[in-house]
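Undergrad: One structure, pasted below without further comment.
The values are calculated or read from the model by the stated rules, or taken from the named source; none is laboratory data. Since we're looking at a predicted model, the values are computed, not measured. Don't worry about glycine lacking a Cβ; one is built from the backbone with ideal geometry, like all the others, and counts go over all protein chains shown. In case anyone asks, the SASA skips ligands and DNA or RNA and just uses the protein heavy atoms, side chains included. Shrake-Rupley method; radii C 1.70, N 1.55, O 1.52, S 1.80 Å.
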Amino acid sequence: MKVSIDMQEQLLVWNWAALNLMDVRYITIEAGDRVAPYFFPASAFLYVTHGSATVALDGTEHVSKPFYILHGGKGARLDITLTDDTFRYYLILYKAFLPKSAERHVLRQMEQQVPFRLQYGFVPLHPAILYKLAEQMLSEWHTSKRLEHLHVKALFYQFVYDLLKQLDQQQVTTTSPNLTSQLIHYIQEYYAEPLTRETLAQTFHYSGPYLSKCFKRETGTSIIDYLIRVRIMKAQELLLRTNLSLHEIAATVGYPDVSYFIRMFKKQTGITPKQFKSEGFSPAKNANHPIIKLGSSIAPRKLRRYIDNSNDNHYQKDEKGDLRMYKRKLPVGITLLLCLTLLVTACAKPASTASTSGNTSSPAVGTNTTSSTATSNNSELVTYTAINGDVQIPKNPQRVVMVAGAFTGHLLALGLKPVGAGDESFNSYTEGKLDDVVNIGNDVPYEKIMELQPDLIVVWNDAETIEKLSKIAPTVAVEYGVPFRKQLIEFGKMTGREEQANAWIADWDTKIAKYKPLVRQAVGDRSVSIFDSGSAKEFYAYGSFGRGGDLIYGEFDLKAPPIIQKEAIDSGKGWAKLSLELLPQYAGDYIFISGWTSEENVAPIFEGKVWENLPAVKNNRVYRENSRGFVFSDPISLEAQLQFVVDSLTNSK
């Protein structure tokens with residue numbers, strides 16, 4: 001979003017800020033160098049001295065020539081595409097923060113136009129001063145003398161002063177970066193570090209509540225839940241592709257406590273890491289967090305940093321002391337996979353192409369190859385805006401493959417049966433509705449998917465999976481946690497069936513209007529809990545998403561026990577781990593139990609003296625639903641849950 005600068009407000013923040021200079025570099029890139037994308041580890045100025053290139057910050061392109069200067073905040077993604085034989089620039093990295101004593105007026109600016117995070121680029125009218133200052137900073141930065149380092153900091157203040165002065169004179173407009181997009185990129189890059197909402201808020205110069213609100217509004221899930229999903233996905237890759245111990249894997253993905261890692265892994269996948277490694281991904285055991293699957297990659301991605309006090313892995317010094325981008329060879333495994341991909345693509349029949357601008361891992365990602373059968377049956381393409389960008393898809397797709405099987409019920413509600421679907425699609429709620437649909441499992445079998453000749457693929461939001469599947473057919477990413485009405489409307493737009501989506505919602509609203517008074521009359525002011533077991537020693541309470549929560553807390557507005565309301569609903573987390581000693585506080589007057597998660601879910605958790613003394617148990621108000629579909633929030637699952645929830649609550653005494 002373009003914003004104009006209120007320079008006086010910006011100067012107010014700059015004057016209050018404490019600044020730490022992190023690094024000063026002079027970087028050389030030459031034709032033929034492989035330039036990988038990087039994320040700024042701190043706020044940064046990039047000042048071009050030689051050559052030309054297209055420099056993109058978070059996808060916003062700048063045609064950069066000598067004396068062009070760019071600014072971006074921590075977490076901004078930098079992509080450089082050479083348009084000349086040589087490209088050289090200064091990179092000045094700094095951190096800025098406001099002390100606690102800052103006036104409230106200044107702190108309010110931190111929620112709006114934060115100067116350290118704004119993105120802009122321009123050619124200053126008087127570049128010589130900035131050039132001289134950058135050159136002097138570099139010269140003195142690479143000494144071991146503290147006095148010179150202090151002088152570099154003084155020079156940096158002078159650099160900022162002259163730059164802001166010219167910025168004001170030239171009336172440069174700035175870009176306010178997409179905070180959620182930057183958070184996602186940052187988490188995917190630094191998931192192994194001890195991230196919390198508070199540390200992220202400090203990193204991105206926003207308050208914790210504001211950060212959470214923005215992220216939840218755009219993704220439908222909390223920051224911490226997303227971090228957990230990324231970590232578990234990375235752990236799955238390591239389990240399948242390495243012989244590292246559990247302790248090593250846990251530490252690698254950000255969990256120093258291996259016991260806690262095992263609990264979180266089972267919470268997300270339904271099985272232990274040991275079971276996962278020995279059996280592979282077994283979707284039949286994935287329940288606790290219904291099919292939160294970010295996809296798999298070829299190999300665990302290494303963290304990339306601009307700052308490294310040891311030998312830098314991404315730059316090498318030339319004879320003049322400049323830093324040159326390091327040319328890395330692709331690992332043999334990746335090279336073989338790329339060759340296989342090229343071979344498969346070459347053997348495929350001519351097909352239409354589609355743009356997926358949201359895929360940033362490779363310039364070739366925007367080219368999608370669909371089968372000739374699909375294209376001939378449905379040649380008209382439309383642009384659909386998905387979370388992975390604008391994608392050219394068939395106007396009325398007929399051969400859809402649901403890699404993200406938890407959403408198959410959305411297709412069925414629109415009267416469209418997929419040709420292939422993930423294993424989680426098949427449960428008692430969809431029995432008889434998926435006859436002749438190929439179960440593709442949950443390991444993304446590319447050859448099997450290709451054989452199905454899809455004209456559209458729906459997948460979890462994982463860049464590498466999207467990139468590979470996009471070579472087969474137009475690929476649209478979806479995210480778990482979006483309210484089901486909104487999600488169904490999106491599927492209607494995606495498949496050319498918005499009318500059917502609106503009709504289903506209207507019919508659903510009629511049913512809710514019919515049953516809601518009956519349920520509320522039966523339940524009154526009593527509370528309802530939703531439980532699920534994770535092991536023989538712990539279990540969980542759930543909020544308003546999945547496991548009947550959409551109905552109980554959402555549609556019917558029934559009351560949750562205060563501790564569940566706080567920890568699982570108001571927090572946006574969606575669930576809360578239950579301590580057996582606190583069971584009476586978690587337990588409502590009515591209890592629903594999701595019985596599909598594991599074989600251990602009936603003992604010893606839901607028995608014994610504490611359990612038997614609960615009012616819900618004494619009054620026979622405990623209801624178990626063992627269907628796998630009970631964990632989902634798609635239309636087909638919700639219709640089945642509706643009958644179960646209504647019958648349980650209205651027939652109780």
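Undergrad: Is at least one residue of the stretch 423-433 at pLDDT 90 or above, in a strand (DSSP E or B), out of contact with any Phe, Trp or Tyr (no Cβ under 7 Å at 6 or more places or on another chain) and not aliphatic (A, V, I, L, M)?
TA: Checked the stretch 423-433: no residue is at pLDDT 90 or above, in a strand (DSSP E or B), out of contact with any Phe, Trp or Tyr (no Cβ under 7 Å at 6 or more places or on another chain) and not aliphatic (A, V, I, L, M).
Undergrad: Pairs only if they're at least six apart or on different chains, beta carbon under 8 angstrom, first in the stretch 186-203 and free of Cβ contacts under 8 Å to residues at least 24 places away in the same chain, second open to solvent by 20 Å² or more (accessible area, probe 1.4 Å) and in a helix (DSSP H, G or I); list them, first residue then second.
TA: The qualifying pairs are ALA201/TYR210.
Undergrad: Another question about this same structure. Please give the helices (runs of 4 or more DSSP H) falling wholly within the stretch 178-238 in which 3 or more residues are in contact with a strand residue (DSSP E or B) (Cβ under 7 Å, 6 or more places away or on another chain) and surrounded by 17 or more Cβ atoms within 10 Å (Cβ to Cβ).
TA: Because the criterion is at least 3 residues that are in contact with a strand residue (DSSP E or B) (Cβ under 7 Å, 6 or more places away or on another chain) and surrounded by 17 or more Cβ atoms within 10 Å (Cβ to Cβ), the helices (runs of 4 or more DSSP H) in the stretch 178-238 that meet it are 179-190.
Undergrad: I would also like to ask the following. Could you check how many residues of the stretch 611-652 are within 13 Å of SER594 (Cβ to Cβ), touching a residue at least 60 places away in the same chain (Cβ under 8 Å) and out of contact with any helix residue (DSSP H, G or I) (no Cβ under 9 Å at 6 or more places or on another chain)?
TA: The qualifying residues number 0.
Undergrad: Oh, and also: List pairs: first in the stretch 575-591 and modelled with pLDDT of 75 or more, second assigned to a helix (DSSP H, G or I) and charged (D, E, K, R), Cβ under 6 Å, 6+ apart or cross-chain?
TA: What qualifies is ALA576/GLU567.
Undergrad: Something else: Would you list the strands (runs of 3 or more DSSP E) that sit entirely within the stretch 38-81 and hold 2 or more residues that are buried (at least 19 other Cβ atoms within 10 Å of the Cβ) and among the acidic types (Asp, Glu)?
TA: So the answer is none; nothing clears 2.
Undergrad: Looking at the stretch 150-159, which of the residues that are out of contact with any helix residue (DSSP H, G or I) (no Cβ under 7 Å at 6 or more places or on another chain) and in contact (Cβ under 8 Å) with a residue 24 or more places away in the chain is farthest from ARG25 (Cα to Cα)?
TA: Across the stretch 150-159, the extreme among qualifying residues is TYR157.
Undergrad: Applying the selection to the stretch 239-278, what residues are open to solvent by 60 Å² or more (accessible area, probe 1.4 Å) and not in a helix (DSSP H, G or I)?
TA: ASN243, LEU244, PRO256, ASP257
Undergrad: Please count how many residues of the stretch 610-646 are open to solvent by 30 Å² or more (accessible area, probe 1.4 Å), among the hydrophobic types (A, V, I, L, M, F, W, C) and in contact with a strand residue (DSSP E or B) (Cβ under 6 Å, 6 or more places away or on another chain).
TA: Selection size over the stretch 610-646: 2.
Undergrad: Within the stretch 378-399, take every residue that is open to solvent by less than 10 Å² (accessible area, probe 1.4 Å) and at pLDDT 90 or above and give me the one that is nearest to GLN453 (Cα to Cα). Steps first, answer last, please.
TA: So in the stretch 378-399, the residues open to solvent by less than 10 Å² (accessible area, probe 1.4 Å) come out as 388, 391, 393-394, 397.
Add one more test, that the residue is at pLDDT 90 or above, and what stays is 391, 393-394, 397.
Details: VAL391: 18, ILE393: 14, PRO394: 13, PRO397: 12 Å.
Per the criteria, the residue is PRO397.
Undergrad: Looking at the structure I just gave you, is ARG229 within 13 Å of the chain's Cα centre (by Cα) and of a type outside the set (Asp, Glu)? First the steps, then the outcome.
TA: On the way: within 13 Å of the chain's Cα centre (by Cα): yes; of a type outside the set (Asp, Glu): yes.
The answer is yes for ARG229.
Undergrad: Filter the stretch 597-609 down to residues that are under 14 Å from LEU582 (Cα atoms) and open to solvent by less than 70 Å² (accessible area, probe 1.4 Å) and give me whichever is modelled with the highest pLDDT. Outline the logic, then answer.
TA: Within the stretch 597-609, the first condition is being under 14 Å from LEU582 (Cα atoms), and the residues that meet it are 605-606, 609.
Cutting the leftovers down to open to solvent by less than 70 Å² (accessible area, probe 1.4 Å) gives us 605-606.
Numbers: ILE605: 62, PHE606: 74.
Filtering the stretch 597-609 for residues that are under 14 Å from LEU582 (Cα atoms) and open to solvent by less than 70 Å² (accessible area, probe 1.4 Å), the one modelled with the highest pLDDT comes out as PHE606.
Undergrad: Here is a follow-up. Kindly provide the set of residues from the stretch 82-98 that are without any contact (Cβ under 8 Å) to a residue 60 or more places away in the chain and in a loop (DSSP other than H, G, I, E, B), ordered by number.
TA: If the condition is that a residue be without any contact (Cβ under 8 Å) to a residue 60 or more places away in the chain and in a loop (DSSP other than H, G, I, E, B), then THR83, ASP84, ASP85 are the ones that fit.
Undergrad: Given the conditions (1) in contact with a helix residue (DSSP H, G or I) (Cβ under 8 Å, 6 or more places away or on another chain); (2) of a type in the set (Val, Ile, Thr); (3) open to solvent by 10 Å² or more (accessible area, probe 1.4 Å), which single one is not true for VAL458?
TA: (3)
Undergrad: Report, by residue number, each residue of the stretch 553-596 that is in a loop (DSSP other than H, G, I, E, B) and open to solvent by 10 Å² or more (accessible area, probe 1.4 Å). Spell out the reasoning first.
TA: Step one: of the stretch 553-596, the residues in a loop (DSSP other than H, G, I, E, B) are 556-558, 560-561, 571-574, 579, 587-589, 595-596.
Across the stretch 553-596, the qualifying residues are ASP557, LEU558, SER571, GLY572, LYS573, GLY574, SER579, ALA587, ASP589, GLY595, TRP596.
Undergrad: Are any of the residues in the stretch 240-247 at negative phi and within 21 Å of the chain's Cα centre (by Cα)? So that I can check it myself, show each step before the final result.
TA: So in the stretch 240-247, the residues at negative phi come out as 240-247.
Next, from what is left, pick out any that are within 21 Å of the chain's Cα centre (by Cα): none.
No: zero hits.
Undergrad: Among (1) touching a residue at least 40 places away in the same chain (Cβ under 8 Å); (2) open to solvent by less than 20 Å² (accessible area, probe 1.4 Å), where does ASP443 come up short?
TA: Condition (2) is where ASP443 drops out.
Undergrad: Right, next: Go through GLY524, GLY548 for me and flag whichever is without any contact (Cβ under 8 Å) to a residue 40 or more places away in the chain and closer than 22 Å to GLN643 by Cβ. So that I can check it myself, show each step before the final result.
TA: Numbers: GLY548 fails: without any contact (Cβ under 8 Å) to a residue 40 or more places away in the chain.
Answer to the selection: GLY524.
Undergrad: Return the residues of the stretch 400-420 that are under 14 Å from LEU469 (Cβ atoms) and either free of Cβ contacts under 8 Å to residues at least 40 places away in the same chain or open to solvent by 30 Å² or more (accessible area, probe 1.4 Å) (or both); say none if nothing qualifies.
TA: The one that is under 14 Å from LEU469 (Cβ atoms) and either free of Cβ contacts under 8 Å to residues at least 40 places away in the same chain or open to solvent by 30 Å² or more (accessible area, probe 1.4 Å) (or both): GLY420.
Undergrad: Still on this structure, I have one more. Would you say ILE564 is farther than 30 Å from PRO397 by Cα and in contact with a Lys or Arg (Cβ under 8 Å, 6 or more places away or on another chain)?
TA: Answer is no for this residue.
Undergrad: Taking the stretch 408-437 only, how many residues are within 17 Å of GLU451 (Cβ to Cβ) and of a type in the set (Lys, Arg)?
TA: The qualifying residues number 0.
Undergrad: I've got another one for you. Would you check if TYR157 is more than 30 Å from LYS573 (Cβ to Cβ), at pLDDT 80 or above and of a type outside the set (Gly, Ala, Ser)?
TA: Yes.
Undergrad: Going by what's in this entry, would LEU163 be described as surrounded by 17 or more Cβ atoms within 10 Å (Cβ to Cβ), at pLDDT below 85 and more than 30 Å from PRO209 (Cβ to Cβ)?
TA: So LEU163 fails the test.
Undergrad: Here's something else I'd like to know. Considering only the stretch 136-147, state which residues are open to solvent by 50 Å² or more (accessible area, probe 1.4 Å) and either under 20 Å from TYR47 (Cβ atoms) or modelled with pLDDT of 90 or more (or both).
TA: Of everything in the stretch 136-147, those that are open to solvent by 50 Å² or more (accessible area, probe 1.4 Å) and either under 20 Å from TYR47 (Cβ atoms) or modelled with pLDDT of 90 or more (or both) turn out to be GLN136, SER139, HIS142.
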